[in-house]
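The values are calculated or read from the model by the stated rules, or taken from the named source; none is laboratory data. If you're wondering where the values come from, they're calculated on a predicted model, not measured in any experiment. Cβ: placed from backbone, ideal geometry, glycine included. Neighbour counts: every protein chain shown.
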Amino acid sequence: MRDLDYEADLARYPRRPFFKEQSVWAVALYRFGRRVDRRRPGFIKWLGNRWYWLVYRVVETLTGISIPKSLEVGPGLRIYHFGNIFVHAEVKIGANCTLRQGVTIGNRQEGGPVPVLEDDVDLGAYAQVLGGVRIGRAAKIGAMSVVLCDVPAGRTALGVPARVIDKSAPFVPSPLYPGERVWVRGTSARDEESPSPLPASGQPPIPLASPLGTGERG
């Protein structure tokens, strides 16, 4: 029985990912658990559940990735690196989302509401998304940010607590990532329109890290 969601996951990984990235172990086990849950009650489903929970504890210990089969994840999940990745069992994650090491997605208190991530959401390393928030389609969460509020579609949130970057704020080209613009406090609209990479002061911009913090272009 083909698992199209799992095939979409693998399409975002390099060839032979099981020998290169431990995160794919957790993704494969999650998809296996979902297939078991879709089976009709019987001995095969009972055996599959027992096997799933045994392997789940082993994979969770080896990789530091906890994504239980009860949560809903769309096709095309990509996890860069591994370690300290915890997702609450009731979270909903859309298609083609990207997680990185240190990410936590869960509630703010026991029994509280949990986040919903729409399609194409990208979380930077050690980002925390907590409580009943909604992260809009194609939104980006910066590395080490703590998100406690909704993030509109296509926007970027940075900081502790995270704040949504205002699209009207001036940006300058990032010297570290060509083609990517980084928000810089204190520049002017004239600087943004100028083809020169230097601000009005004539001084070169201070190198800034990518908001995603890891270097992968998910």
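Results for (1) modelled with pLDDT of 95 or more; (2) among the small types (Gly, Ala, Ser), shown as yes or no for each residue.
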{"position": "ILE93", "(1), (2)": "yes, no"}
{"position": "LEU99", "(1), (2)": "yes, no"}
{"position": "PRO115", "(1), (2)": "yes, no"}
{"position": "LYS140", "(1), (2)": "yes, no"}
{"position": "ALA169", "(1), (2)": "no, yes"}
{"position": "LEU176", "(1), (2)": "no, no"}
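Within the stretch 20-50, the only residue that satisfies the criterion of being in a loop (DSSP other than H, G, I, E, B), in contact (Cβ under 8 Å) with a residue 24 or more places away in the chain and not polar (S, T, N, Q) is GLU21.
One line per residue, one yes/no per condition, for (1) touching a Pro at 6+ places or on another chain (Cβ under 7 Å); (2) aliphatic (A, V, I, L, M):
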position: GLU118; (1), (2): no, no
position: VAL121; (1), (2): no, yes
position: TYR126; (1), (2): no, no
position: GLY132; (1), (2): yes, no
position: ILE135; (1), (2): yes, yes
position: ASP150; (1), (2): no, no
position: LEU158; (1), (2): yes, yes
position: PRO161; (1), (2): no, no
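Condition check ((1) surrounded by 19 or more Cβ atoms within 10 Å (Cβ to Cβ); (2) closer than 22 Å to MET144 by Cα) across all residues:
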{"residue": "ARG2", "(1), (2)": "no, no"}
{"residue": "PHE43", "(1), (2)": "no, no"}
{"residue": "TRP53", "(1), (2)": "no, no"}
{"residue": "SER70", "(1), (2)": "no, no"}
{"residue": "PHE86", "(1), (2)": "no, yes"}
{"residue": "ALA95", "(1), (2)": "no, no"}
{"residue": "GLY102", "(1), (2)": "yes, yes"}
{"residue": "ILE105", "(1), (2)": "yes, yes"}
{"residue": "PRO115", "(1), (2)": "yes, yes"}
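Quick check, is GLY33 closer than 20 Å to ASN96 by Cα, in the same structural domain as THR104 (by TED's automatic domain parsing) and touching a helix residue (DSSP H, G or I) at 6+ places or on another chain (Cβ under 9 Å)? Spelling it out, GLY33 is indeed closer than 20 Å to ASN96 by Cα, in the same structural domain as THR104 (by TED's automatic domain parsing) and touching a helix residue (DSSP H, G or I) at 6+ places or on another chain (Cβ under 9 Å).
Please specify each residue of the stretch 4-20 satisfying the condition of being crowded, with 16+ Cβ neighbours inside 10 Å and either within 24 Å of LYS92 (Cα to Cα) or outside the structural domain of LYS92 (by TED's automatic domain parsing) (or both).
Going residue by residue through the stretch 4-20, those that are crowded, with 16+ Cβ neighbours inside 10 Å are 5-6, 8-10, 12-13, 17.
Of everything in the stretch 4-20, those that are crowded, with 16+ Cβ neighbours inside 10 Å and either within 24 Å of LYS92 (Cα to Cα) or outside the structural domain of LYS92 (by TED's automatic domain parsing) (or both) turn out to be ASP5, TYR6, ALA8, ASP9, LEU10, ARG12, TYR13.
Only one entry of LEU54, LEU62 meets the criterion of being part of a helix (DSSP H, G or I), in contact (Cβ under 8 Å) with a residue 40 or more places away in the chain and more than 28 Å from ALA139 (Cβ to Cβ), and that entry is LEU62.
Filter the stretch 117-154 down to residues that are of a type in the set (Lys, Arg) and not in a loop (DSSP other than H, G, I, E, B) and give me whichever is farthest from GLY76 (Cα to Cα). For the stretch 117-154, the residue satisfying everything is ARG134. Remark: GLY106 falls outside the filter, which requires a residue to be assigned by TED's automatic domain parsing to the domain that holds ASP9, at pLDDT 95 or above and over 21 Å from TYR30 (Cα atoms).
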